[in-house]
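Colleague: Below is one structure. I have some questions about it.
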Amino acid sequence: MRAWVAKGLFMALSIMLAISLLAQHGCSGERQKRAVYLLVNNSATHSEQFDKVLDVTRYLLGTLLPGESLGLARIDGESFNETDIVARMTFDLRPSMANAQKRAFLESMQKLGNNIRPGRYTDITGGILQAIEYLNDTRASQKYILIFSDLKEVTRKGKVRDFPISFNGIHVVVINASKLKSDNIDPAEYQQRVDNWVKRVEQGRGTWKLLNDLNYLHTILE
């Protein structure tokens, strides 16, 4: 009798342990969910590098898993608004549906490339604020903002953009930051723009990375 009781108790404990491990595994998987938002400067200074934007997008589409999220927006308007959003998707948990969504995302990206128009303005701050809002809504634990820009913010006179931003752990990655013609005359001008953005991101409790070599794309989502 005691043997049966002991055996039953052992089985119950084993089941409880298995349930606990499964729960922990599920939570761990949730903690690792990623969300990425791309901000693309479609202005004349960056349009010639759009093929590199496509390369990064293809890499992300091949890397992100079902349940993870990807967004894309332009930052070449005088003030960022909803019309600048090109695509936002949380990929379906069903692989076949997720693959269809990824194809649709790439098509949206290619349409953006086919309609590049020079822009007078670049509202990087407005794009970042919208990206942060979207990333937080996804409830992902690992959040990334990828910026394709020369980092020079140009807005209409009177627009206030010099204020703190709360990144709260979001990783900001600037990819292949192009330089302006004036940077060739005074390289310190480019470095000053980079330093200003580094300071702004880190003061907002975010992390900063500048990636100019696409051979290291695998380091983006670390």
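Colleague: Anything in the range 62-119 that is touching a Leu at 6+ places or on another chain (Cβ under 7 Å), at pLDDT 90 or above and part of a helix (DSSP H, G or I)? List them, or say none.
Modeller: Passing the criteria: Thr63, Lys102, Phe105, Leu106.
Colleague: Here's something else I'd like to know. Would you point out which residue out of Tyr144, Tyr134 is among the aromatic types (Phe, Trp, Tyr), at pLDDT 85 or above and not in a helix (DSSP H, G or I)?
Modeller: Result of the check over Tyr144, Tyr134: Tyr144.
The values are calculated or read from the model by the stated rules, or taken from the named source; none is laboratory data. Source: prediction; values computed, not measured. A quick note on method: Cβ atoms are made from the backbone with ideal geometry, for glycine too, and the neighbour counts reach across all protein chains shown.
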